[in-house]
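Each reported figure results from applying straightforward, stated rules to the coordinates on display, with no laboratory input. Because the structure is predicted, anything quoted here is derived from the model rather than measured. Positions of Cβ are generated from backbone atoms using ideal geometry, with glycine treated the same way; all protein chains shown enter the neighbour counts.
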Amino acid sequence: MRLTILALTFLVPSLASFLPQFPITTSDPDPGEAPKVNVTLYVMSRCPDARRCEAVFEDVLQTEGIVDKVNLNMQYIAKLNHSDPFGMTCKHGPLECLGNGHELCLASHLNLTSFYATLSCFNFHSPWPGDIGQVEFARQCLETIGEDWETSGVGRCIERKSKNGLGKEARKLLFENVRETNERGVEKSCTIEIQSTLVRGRKRTCLVDDGVWTGCDVSLV
C-alpha cells in the first residue's frame, strides 16, 4: 500500500505538470481545445511489475479530469525470433504472447475507459496471472464490463483467421508493436514514459523492476 501511495503522489502531479493549463472538466473535450499528454506503458501481460504499474496508473486515470487529457499507448516487450510461432519469444512463455495480442486488440477497439476496465479484470482475477492469454478469459472480462465480443470488434481481432491462437489482426498488431518497442530499445517491464505537450522532446520516464520504482524523481519510493 505504501508503494502505491508514494507512486501515486508522484504520477498524478507529474502527469498534471505536463498538461496544458486549462480548466479540468469531466465532459468530452473539444478536439481543438488543447493537445493531450502522450503516456506510454512498456509492459508484458503476465509480468508482476507490469501488473503493479498498471494498477497505479488505473488510479491516476480515475483522478477527476485526467482520462480525457491522456493518449495512452501500450507497448509490449518481447524478443523478435522468427523461429518462434509468434515471430517472437515472450519472457513468461507463449501464453504471454497471446495475452499481449489480446490486450492490443482491446486497446485498438475500445475507448480508454473500457480498455482499462478490461485490463483491470485481467490483473485482479485470482489466482494471477491465471488465464491471461486464454481467449475465453479475454471474452469473459470484456463482457463483464458490458462490452460485446462481436460488435466491439475485439472478437474478430482475436479470433478471425486464427493461427497459433491469435487472429490475423492480432498477429499483425503484436508483431508491429513489439518491433517498435525493440526499435526504441526499451527492455524493462514496466517502463512508463510521459511526454510533454509543451516542450518538444521532453519526457519523464520511470521504471518498476522487481517491485522497486526508479526514475521520474521517485527517489522516495
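Worth a mention:
- All positions within the stretch 133-151 that are surrounded by 17 or more Cβ atoms within 10 Å (Cβ to Cβ) and either in contact with an Asp or Glu (Cβ under 7 Å, 6 or more places away or on another chain) or over 15 Å from Tyr116 (Cα atoms) (or both): Gly133, Val135, Phe137, Trp149
- Just one of the listed residues (Asn177, Asn123) is under 21 Å from Pro85 (Cβ atoms) and crowded, with 18+ Cβ neighbours inside 10 Å, and it is Asn177.
- When restricted to residues that are within 23 Å of Ser120 (Cβ to Cβ) and assigned to a loop (DSSP other than H, G, I, E, B), the stretch 142-164 contains 9.
- Look at (1) hydroxyl-bearing (Ser, Thr, Tyr); (2) more than 18 Å from Cys47 (Cα to Cα); (3) over 17 Å from the mean Cα position of the chain (by Cα) and you find that Thr89 fails only one, number (2).
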